[in-house]
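Asker: I'd like to ask some things about the structure below.
The values are calculated or read from the model by the stated rules, or taken from the named source; none is laboratory data. Source: prediction; values computed, not measured. Virtual Cβ from ideal backbone geometry, glycine too; neighbours counted across all protein chains shown. Side chains included, ligands, DNA and RNA excluded: accessible areas come from the protein's heavy atoms. Shrake-Rupley method; radii C 1.70, N 1.55, O 1.52, S 1.80 Å.
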Amino acid sequence: AAGVIQSPRHLIKEKRETATLKCYPIPRHDTVYWYQQGPGQDPQFLISFYEKMQSDKGSIPDRFSAQQFSDYHSELNMSSLELGDSALYFCASSFTGEGEKLFFGSGTQLSVL
Amino acid sequence: AQSVAQPEDQVNVAEGNPLTVKCTYSVSGNPYLFWYVQYPNRGLQFLLKYITGDNLVKGSYGFEAEFNKSQTSFHLKKPSALVSDSALYFCAVREGNTDKLIFGTGTRLQVFP
């Protein structure tokens with residue numbers, strides 16, 4: 001079965017650079033979530049989209065922005081990268097009928113040097 | 001605010017023995033509780049959820065969890081542990097009427113042969 005696909009798997013950037021992370025949800029899923037997981041930390045909710053509209057916002061820095069496109073894929077844009085942004089970024093998707101069950105991608109490991 | 005607590009950083013158990021991973025919750029209203037498992041360098045995988053109904057919830061891979069309202073607990077259990085169960089386990093609660101999950105700090109389960 002198709003799963004949530006994230007790209008790239010790994011990304012290395014330098015301070016003050018920008019990064020774009022992509023997420024392709026499971027077909028038919030209408031909600032996308034972004035989570036950030038620092039080393040040894042629990043996942044922290046960043047932002048979510050339902051039917052291409054932002055539905056909820058968590059601890060997402062102002063330097064970050066995200067959107068969901070007409071084909072339901074989502075992108076997380078990160079600017080002015082800081083060392084503390086180094087983390088594993090997960091995307092998850094769900095279908096409203098089963099909104100409590102999230103399917104996670106394998107994540108993008110971002111390293112900021 | 002909704003929250004969950006996982007009091008144990010690590011749980012060690014011998015293969016074939018029963019295992020318990022503890023989780024307590026603090027919510028206003030009815031709790032929507034979840035367990036997710038994370039294998040190394042992988043996204044979180046859904047194990048089970050409690051929304052309403054029977055206090056004993058059965059999930060994937062032979063896991064189950066017992067919802068205990070008086071003790072505000074939602075411990076994850078398995079009658080007979082496997083070495084392949086070794087992973088990081090996260091308890092989570094859904095926040096209010098949103099789709100945002102609040103995760104616990106995680107418990108590393110180590111099953112020894």
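Asker: Excluding residues fewer than 8 places away in the same chain, name every one of the aspartates and glutamates whose C-alpha is closer than 12 Å to that of B:LYS49.
Answerer: Reachable aspartates and glutamates: A:GLU98, A:GLU100, B:GLU64, B:GLU66.
Asker: Hey, another quick one. Hull surface divided by four, with the convex hull built on the Cα atoms of the protein assembly as shown: how many nm²?
Answerer: 12.6
Asker: Can I ask one more? Considering chain A as a Gaussian network with a 10 Å cut-off on Cα pairs, which listed residue, A:SER70, A:SER80, A:SER55, attains the greatest mean-square fluctuation?
Answerer: A:SER70
Asker: Just need the relative contact order of chain A here, percent rounded to a whole number, with Cα pairs under 8 Å and 6+ apart.
Answerer: Relative contact order for chain A comes out at 37 percent.
Asker: Under 8 Å for C-alpha pairs, at least 6 residues apart: give me the relative contact order for chain B, rounded to a whole percent.
Answerer: 37
Asker: Another question about this same structure. Per residue, what accessible area does the protein assembly as shown have, given a 1.4 Å probe and all protein chains present, in Å²?
Answerer: Result: 48 Å² of accessible area for each residue.
Asker: Just B:PHE63, B:PHE46, B:PHE103 to compare: in a GNM of chain B, with alpha carbon springs under 10 Å, which one fluctuates most?
Answerer: B:PHE46
Asker: OK, next. Which of the listed residues, A:ILE47, A:LEU81, A:ILE60, is farthest toward the dipole's positive end in chain A, when Lys, Arg count +1 and Asp, Glu count -1 at the beta-carbon?
Answerer: Working it through, the farthest residue towards the positive pole turns out to be A:LEU81.
Asker: Moving to a separate point now. Measure off 7 Å from each Cα along the Cα-to-Cβ vector at A:LYS22 and B:SER3, then give the distance between these two points in nanometres to one decimal.
Answerer: In this crude spin-label approximation the distance works out to 4.0 nm.
Asker: Still on this structure: Over the Cα atoms of chain A, how large are the radius of gyration and the largest Cα-Cα distance (Dmax), in Å?
Answerer: 13.2, 42
Asker: Here is a follow-up. How about segment B:68-113: which of its residues lose at least 50 Å² of accessible area in the presence of all protein chains relative to their chain isolated, using a 1.4 Å probe?
Answerer: Hits at the 50 Å² cut-off: B:ASP99, B:LYS100, B:PHE103.
Asker: For the pair B:LYS58 and B:GLU15, how long in nm is the line joining their label points, each one 7 Å along Cα→Cβ?
Answerer: 2.5
Asker: Share of the protein assembly as shown's accessible area from carbon and sulfur, percent, 1.4 Å?
Answerer: Whole-percent figure for carbon plus sulfur exposure: 48.
Asker: Right, next: Could you tell me the total accessible area buried at the A-B interface, probe 1.4 Å, in square angstrom to the nearest hundred?
Answerer: Accessible area lost upon association: around 1600 Å².
Asker: Per-residue Cβ counts within 10 Å, from other chains only, averaged over B:20-32: what number is that?
Answerer: Averaged over the peptide's residues, the number is 0.
Asker: Can you compute the charge dipole magnitude of chain A about its Cα centre, using +1 on each Lys and Arg Cβ and -1 on each Asp and Glu Cβ, nothing else charged? Give it in debye, rounded to the nearest 20.
Answerer: I would put it at about 240 debye.
Asker: If exposed means no more than 12 neighbouring beta carbons inside 10 Å and the site is in a DSSP loop, what's the longest run of chain A without any exposed trypsin sites (Lys or Arg not before Pro)?
Answerer: Looking at chain A, A:29-113 is the longest stretch - no exposed trypsin sites (Lys or Arg not before Pro) with at most 12 other Cβ atoms within 10 Å.
Asker: Using the Cβ atoms and a cut-off under 15 Å, what net charge is assigned to the surroundings of B:VAL83, where Lys and Arg are +1 and Asp and Glu are -1?
Answerer: 0
Asker: Let me ask something else about it. Hand me the GluC sites (Glu not before Pro) from segment A:41-113 located in a DSSP loop with no more than 14 other Cβ atoms within 10 Å, in residue order please.
Answerer: Filter output for segment A:41-113: A:GLU51, A:GLU82.
Asker: Taking the simple approach of a point 7 Å from Cα along Cα-to-Cβ for both B:ASN41 and A:ASP62, what is their distance in nm?
Answerer: Output for this residue pair reads 3.8 nm.
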